[in-house]
Amino acid sequence: MGARSNATGGSLAVTVATEVWRVQAWARRSDLENTSVAVAAGRISTMPANDQFSTPAIGYGLNAAWQGREGDWSWELGGDVRAAEGRVNERFRYQSGAFTRLRQAGGRTLVGGFYGEAAQVSEDRTFIFGARLDGWRSYAGLRRERDALTGTATLDTTIEDASGVTPTARAGMRQRLHGETWWRAAAYAGFRPPTLNELHRPFRVGNDVTEANAVLKPETLYGVEAGLTGEGALQWSLAVFYNQVRDPVTNVTVGVGPGSFPVAGFIPAGGVLRQRRNAGEIKAYGLEGDVAVQLSSSWTVRAAASWTHARIDGANAAAQLTGKRPAQAPAWAVTTGAVWRPIERLSVDIDLRYEGMRYEDDLNLRRLKAGAGLDARAGWRLSPATEVYVAADNLLNHGLAVGQTADGVASYAAPRTVFVGFALRR
């Protein structure tokens, strides 16, 4: 009781394209107000813990591409850039009925690069190749804390800028085996620089505190996959994959309450202190498949499932995590759904999703039960380009656990949420 949050924002995206070139631009602005509480023993009462009263953030980007075709070959050359800036303004350290500390933290990030890709498509075979070169930068970082009554600085940290250049690539092929049955394979590499939240924004859930980390490195992904697909009235695919994530950014437990810790301050009994860190590497392999069949002119059904075996090798960075499953990573995920189009203008979509048991924390001590949710959407087409719709996520209002504190306080996914909208497609 006593915790609340309120999010506001807006976004804008514009695309201009011809058969030869494409330019896209977007911008997004958001703000979040979020309060957290400390939970007393036995969960008989709560007390304010922090008040993130303003977290303004803005992001914007641009992509431009030039594309062409010559015989069986098609190609695209392009570049893109993404920038973000954000701050967290927070009251914390609640004592004697008032917050006694103020905090401001934040910074800027910039990612930009160039890419090229080419594909050869024939009746029985497809090849595709692509490569990127990206530069990334995190800069203008700060973390300042002061006494709320006197204004005296209690912490003033200037964070060093960081930057780097990362090449990535991908290659794939598809070969017809017989009729509408195909074999496919792919190899790929990618990277993700840390977000502003991971770099600068600490947060609290109950008695659990997670600290940011301004010296995080980008995480990189390397993977291969192979599988079979079938086309026609019955469409299906089945694939195996192996992925390796190096320097994954994850929340690592670094302390247990009660006790006082540098920067984070006091962690009460029943709480833990975590920090976002690069934790060695994650190795994962598994199976995934899907199937879709059109039963009639008005009915289509579909289903998909995946099984993943994922484990962490913490090495020297986080040896205590070696052999553990990554947090929030279920072994099983299944979806099934149907589309009904009784008349040309009306379409109804229903999807049931299931996630198996997973762990909330890095040490695999907090089990989250398996759960399911039902989503539905009905749309009425006004014209070939316009549609009105009503949609509901978690239609049955099922409580799907997504988090749990050390003293058993559970967090759940969003309750039933209903949307009414208008769509314009050009």
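The table for this structure:
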read-out	value
Computed over the stretch 327-426: relative contact order in percent, which uses C-alpha pairs under 8 Å that are six or more apart	22 percent
Per-selection Kirkwood Rh - the stretch 327-426 (Cα, Å, 1 d.p.)	15.6 Å
Counted charge near Tyr359, where neighbours are those whose Cβ lies closer than 10 Å (Asp, Glu -1; Lys, Arg +1)	+2
Modelled FRET efficiency - R0 60 Å, Tyr412 with Asp156, Cβ distances, 0.05 increments	0.95
Residues Ile343, Ile312, Ile159, Ile267, sorted so that the one with the fewest Cβ neighbours within 10 Å comes first	Ile343, Ile159, Ile267, Ile312
Computed P(r) (all Cα pairs; the chain; 10 Å bins; percent)	4, 15, 24, 30, 18, 7, 2, 0
Fewest-first sequence of Ser96, Ser347, Ser11 by Cβ atoms within 10 Å of each Cβ	Ser96, Ser11, Ser347
Derived scalar couplings ³J(HN,Hα) [the stretch 321-336; Karplus, 6.51 cos²θ - 1.76 cosθ + 1.60; whole Hz; x for Gly, Pro]	9, 4, x, 8, 7, x, 4, 6, 10, x, 6, 10, 9, 9, 10, 8
Local electrostatic count, Ala305, Cβ distance below 10 Å [Lys/Arg +1, Asp/Glu -1]	-2
Options Thr322, Gly403, Gly270, ranked by Cα towards positive dipole end of the chain, top entry (Cβ charges)	Gly270
Relative contact order [Cα under 8 Å, 6+ residues apart], the chain, whole percent	7 percent
Ranking of Glu344, Glu231, Glu76 by count of other Cβ atoms within 10 Å, fewest first	Glu344, Glu231, Glu76
Net charge of Cβ neighbours under 9 Å - reference Asp349; Lys, Arg +1; Asp, Glu -1	-1
Spacing of the two label points (7 Å from each Cα toward its C-beta) at Ser5 and Arg381, in nm	3.8 nm
The stretch 1-117 - Kirkwood radius from inverse mean 1/r over Cα pairs (Å)	18.0 Å
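Since every read-out is calculated from the coordinates, none of them should be taken as a lab result. All of these numbers come straight from a predicted model, not from anything done at the bench. Cβ: placed from backbone, ideal geometry, glycine included. Neighbour counts: every protein chain shown.
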